[in-house]
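First up is the structure itself, then whatever we jot down about it.
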Amino acid sequence: MESFRSVLAWAERILGNIDNNRLDALILLSHITSFSKEKIIFNPDFKLNYDQKEKFFELVERRVKHEPISHLIGKREFFGADFSVSKDVLDPRPDSEILIEAILKKFPDRNQKLKIVELGVGSGCLIITLLTAFKSACGTGIDISNAALEICKKNAAKFGITKRLTLLKSNLFNQIPNNEARSTKHEARKFDLIISNPPYIPSDDIKNLQPEIVLFEPRIALDGGKDGLDFYHKIAAKAEKFLNQNGTVANPQFLPFLNAMSPCKSRVQTLQKVDLLHGQNGKIFLEIGYGQKEKVIEIFTKKGFLFIEASLDLAGITRVLEFSC
């Protein structure tokens, strides 16, 4: 029988062309044995049985071909919790945690009964994390992929929020009920929050990404069209119809005037001149790619949305934009 020491040494050699090869080998061995990484490190002479050894060798050979670690072990950590993943969903990434942090900062009251919709729900890591934080909130997760919706359903069950999350197969807003009579409690037509990490990689740039991404992640979750901005245009074109407008102006004399306006475009110009006493208009939080800040802001402000704030990642790159109606 092989020891932890010997199989790890073999795996490091085989994975020589993979970044973090030692860590990857350790993660795979931990997955196979159900031992913590620390226990493996402090017990190098512990022996694997035949089945464990064969399974470990199989996973290492798959990793050599750049199959992501998350696919090999079936999970990826996000915001301190493990989410089930597969080849059918985009892997949760630390960059997306910036969106969660921005919303938690904006809505400090965790008892708010928010209605949230996520466009392109994938694994569900974003909306499930929010529903876990906001215990009275309900959500709708939208995706065009049945396989992705199944992964999200699995994660929703794991985190115990199935009753508060409706999953809907749709191309963005297309299948959201278009009148209140058809809407259910969790499938509301109007939302307090629209969130999305849409495909934003320019089509011609995808081939230059890491092989783990190019070969194993769904292109549909990556390809943002020629300039990477296709989905921002599509979201901006229809989002107004699905956002709540809850703002209350300080001076009642403005109220009839505002109500007579279109919900977004004219309203934004006026709301910049008056103070709000309470309530918040619906908000949009979007993850964006490198260098897309100004173009995405332009797309949404041209549709009448008010740009509120940008959030940076740890590298100082703008990663999340917030808009309001």
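The values are calculated or read from the model by the stated rules, or taken from the named source; none is laboratory data. From a predicted model like this one, the values you see are computed outputs, not experimental measurements. Cβ atoms come from the backbone with ideal geometry, glycine included; neighbour counts cover every protein chain shown.
Here Gly16 fulfils each of the conditions (1) assigned to a helix (DSSP H, G or I); (2) free of Cβ contacts under 8 Å to residues at least 24 places away in the same chain apart from (1).
Picking from Lys135, Lys105, which residue would you name as being surrounded by fewer than 24 Cβ atoms within 10 Å (Cβ to Cβ), charged (D, E, K, R) and closer than 15 Å to Phe285 by Cα?
On the way: Lys135 fails: closer than 15 Å to Phe285 by Cα.
Exactly one residue qualifies, and that residue is Lys105.
Scan Pro68, Pro108, Pro92 and give me the residue that is over 21 Å from Pro211 (Cα atoms), within 26 Å of the chain's Cα centre (by Cα) and not hydrophobic (A, V, I, L, M, F, W, C). Give the derivation first.
On the way: Pro68 fails: over 21 Å from Pro211 (Cα atoms); Pro92 fails: over 21 Å from Pro211 (Cα atoms).
Criteria check complete, one pass: Pro108.
Return the residue satisfying two criteria in turn: it lies in segment 137-151 and is free of Cβ contacts under 8 Å to residues at least 60 places away in the same chain and not acidic (Asp, Glu), and of such residues it is farthest from Phe78 (Cα to Cα). Selected residue: Asn146.
The one condition from (1) in the same structural domain as Cys152 (by TED's automatic domain parsing); (2) in a helix (DSSP H, G or I) that Leu28 does not meet is (1). Restricting the first member to segment 289-303 and to residues that are in the same structural domain as Pro199 (by TED's automatic domain parsing), and the second to residues that are in a helix (DSSP H, G or I) and of a type in the set (Gly, Ala, Ser), the beta-carbon pairs closer than 7 Å and six or more apart or on different chains are Ile299/Ala236; Phe300/Ala236; Lys303/Ala236; Lys303/Ala237.
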